[in-house]
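Structure, as structure tokens:
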Amino acid sequence: MGKNVRTVNHRHLGRVLAGAAVAATATAVLIGVTLPDSASGGEGSGGGPQGSAAEQGQAARQLPGVVESPPAQGKTGKGRDPLTDAELKRARTLTLGQSFRESGEDVTGGKGPEQLSTDLAELTPDEVGAAAPPRRADVTYYDYSDDTYVTKTVDLGSGKVERTDTQRGVQPPPNRDEAREAARLLIADKLGQELKKDFKDATGKALTSPDQLTVTGFVYRTGVDGPGPAATRDCGKHRCVRLFTKVTDGGPWIDTRQLVIDLSARSVARLGS
């Protein structure tokens, strides 16, 4: 009898959280599209060509005698075709650069900023309708060294980084690596004990790695998503996420929505505490 009740409860929880996850995913996509434009304000660095030259100069001073050749063109698209695999790779290589790679920090604390997205950039009004408009890419990063959201626009033909926009307090949806790192931090934290207990009850095995879970991350910002406890007061300035957590291979959902993982501070807090 007890086993049947637990199975029903797991299935019910799975349905509830699955519905919430779909709704939250749609919200996260909208936030990811609208936030950068609405939050740009006066905080962007407006690096443009001068910013790019400064970065190259700094890299040269840091590593004298090291000259990086631009990546090969590879297969290119035409007009407004989606970016090809070769263009995606070229855009990321060109926008990362030696200086940014050395100074930036990713979600695990490694060198180089966390790369979030690469998209075909919009045309300027005078380029619309041109027979062969330039192909540019917008590449976005989150730099954990100073909690900044960085967008770099590169001309894929010339290889020139035309614009660099740096913003604070802008939090697009986390990528897969960020969600995985959040799960790893949660498992290692004392507030992850309930997650590990529920996992053991569901599978009979100990939870030791994020690879045992399917996780989806959603941004948490104090003041926007609720007042939150004192431990989350920097969320919004910091990169904070909540997780929808599911046992892999068709297992049940485990409710971790009350836990906030601050990826910048590498800490975990509970809402309502």
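Each value in this text was obtained by applying a stated rule to the coordinates, not by laboratory testing. Here the structure is a predicted model, which means the values were calculated and not measured. Quick reminder, even Gly has a Cβ in these numbers, built from the backbone with ideal geometry, and neighbours come from all protein chains shown.
Numbers for the structure displayed
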quantity	calculated
Förster-model FRET efficiency, 30 Å R0, E127 and A86, C-beta, rounded to 0.05	0.85
Mean separation of Cα contacts under 8 Å, 6 or more apart, over the residue count of the range 183-273: relative contact order %	29 percent
FRET efficiency for V224 and Q258, using Cβ-Cβ distance with R0 set to 22 Å, rounded to 0.05	0.85
